[in-house]
Amino acid sequence: MKIKLAILDSDKAYLNRLVSALNAKYSDSLVVYSFTEAQMAFEEVERIHTHILLISMHVDADVRNLYKKCQPVYLLDEATEDTYKGYHAIGKYNSVDYIYKKMLDYYAEATEENARLRLNDDSTRIILFTSPAGGVGTSSMAVACAKKIAISGKKVLYFDLDRFAEADAFFHGTSDKCMSDVIYSVKSKRGSVSIKLESYVSVDDGVCYYAKAKSPLDMLELKAEDVAKLVTELKESVAYDYIVLDAPFNLDGLMLQFIDRAFSIVMVSDGSEIANRKLKRVLEGLEIKETQEGLDALDKTFIAYSKFGSKTGRKVAIDDGDVKELGGVPRFEGGTTEAIVDQMLQKLSFERLL
């Protein structure tokens, strides 16, 4: 389902600019109608069951007579207030991204919890990056994969579930929302979680992500059921072609859910003896789970090597023929985070995961 948005403003030049900008950036999630006359706008809003009406503060019309399921949001000349005449408001000269996200946020507040924002009919694919060994470059590799997907023209969300998630180390978006807002949204159960989640994202290099939480302790508020709900909401919203899930490994019920639902899985090692031993044990455990519980895992699992050198590392001896190698990248001494991610983007065949 696409959100039906009507815009009512007597300023034709502004109206045309805003409609063009919204259509250029958000045509996959919005159907936009524009009006310069209130009577016609109200009639059409009811006829086509519009979800949101952006209405200029200069339009003399009683929004109490508006189609009852349509949310009115006033466009103000100056962004000094969030309300106007008792209704939500947005400064009309903000960026189109700000207007879009703020509008979705307001709409989500008035939408039932079980509402789903379905932007197309295709299923969102989850690509899971994880490792039983810490410090082997899992996050850098997941970010590189997300950037590769964005370059291909697909809509992708990088979602870091580490307790001390630091997506801001890789991206530099400008949203005023962060993981703290995401956590509050899923725990408060107010409004449509799926729509709020989309309105909270930051974007950089075409990759959507959530900025780090205001406090590292906020992530501790997320329980396993909260995380499961978040991932389900993100996948079922179909707002993205791919979700790159960066999750710390723990062979518990939640991780088994991620593994079972993932389209592709990447296990990362640095080739060291201890990392390879841990990874070998994980693969053995997954094989047992497949046999005993029908878990879908090994045939979609890849092993990737980071910080790897032939003199200092060895590849995992894979007994199961279903598990594949994605490739590897060497250690880059003194390399910046950006340079390391760029090398991974160039050297690893992420296309095999899609």
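Remark: spin-label model distance Glu333-Ile151 equals 2.7 nm, labels positioned 7 Å along the Cα→Cβ axis. For the range 27-45, the residues whose backbone nitrogen is under 19 Å from a point 7 Å from the Cα of Arg64, taken along Cα to Cβ, are 39, 42-43.
Between Lys101, Lys289, Lys92, the GNM of the chain built on Cα springs shorter than 10 angstrom shows Lys289 fluctuating the most.
Largest first and in whole Å, the equivalent-ellipsoid semi-axes of the range 118-260 read 19, 19, 16, each the square root of five times a Cα gyration tensor eigenvalue.
For the chain, a Gaussian network of Cα nodes joined below 10 Å ranks Ile274, Ile303, Ile48 by mean-square fluctuation, and the top entry is Ile48.
Between Lys85 and Tyr14, full extension at 0.36 nm per residue minus the direct alpha carbon distance yields a gain of 23.3 nm. Once the chain from Gln39 to Ser27 is taken as fully extended at 0.36 nm per residue, the excess over their C-alpha distance is 1.7 nm.
Working from Cα positions, state the angle (0 to 90°, nearest 10) between the long axis of helix 96-109 and the longest principal axis of the chain. Tilt relative to the chain: about 90 degrees. GNM remark for the chain: springs join alpha carbons under 10 Å apart, and the peak mean-square fluctuation among Thr138, Thr232, Thr130 falls on Thr232. Each residue of the range 129-136 is assigned a 3J(HN,Hα), and the resulting list reads 10, 7, 6, x, 10, x, x, 9 Hz, derived from the Karplus form 6.51 cos²θ - 1.76 cosθ + 1.60 (θ = phi - 60°), x at Gly and Pro.
When shorter helices are ignored and each DSSP H run of at least 4 residues is given -39500 (n - 2.57), the per-residue value for the chain at 222 nm works out to -11000 deg cm²/dmol.
Divide the volume of the convex hull around the Cα atoms of the chain by the residue count and you get 143 Å³ per residue.
Residue by residue, the range 6-13 carries 3J(HN,Hα) couplings of 10, 10, 10, 7, 6, 7, 5, 4 Hz when phi is fed to the Karplus relation 6.51 cos²θ - 1.76 cosθ + 1.60 (θ = phi - 60°); x denotes Gly or Pro.
Among the protein heavy atoms of the chain, carbon and sulfur supply 47% of the accessible surface, probe 1.4 Å, non-protein parts ignored.
About its Cα centre, the dipole of the chain is roughly 500 debye, where the only charges are +1 on Lys and Arg Cβ and -1 on Asp and Glu Cβ. With respect to the chain, whose longest principal axis is taken over its alpha-carbon atoms, helix 138-151 is tilted by about 50°. Per residue, the solvent-accessible area of the chain (1.4 Å probe, heavy atoms of protein chains only, all protein chains present) comes to 47 Å². With 0.36 nm allotted per residue and the present C-alpha distance subtracted, the Lys315-Asp176 stretch has 45.7 nm of extension available.
The values are calculated or read from the model by the stated rules, or taken from the named source; none is laboratory data. Values in this document were obtained by computation on a predicted structure and should not be read as measured data. Reconstructed Cβ throughout: ideal geometry from the backbone, glycine too, with neighbour counts over all protein chains shown. To get the accessible areas, we keep the full protein, side chains included, count just its heavy atoms, and leave off ligands, DNA and RNA. Shrake-Rupley method; radii C 1.70, N 1.55, O 1.52, S 1.80 Å.
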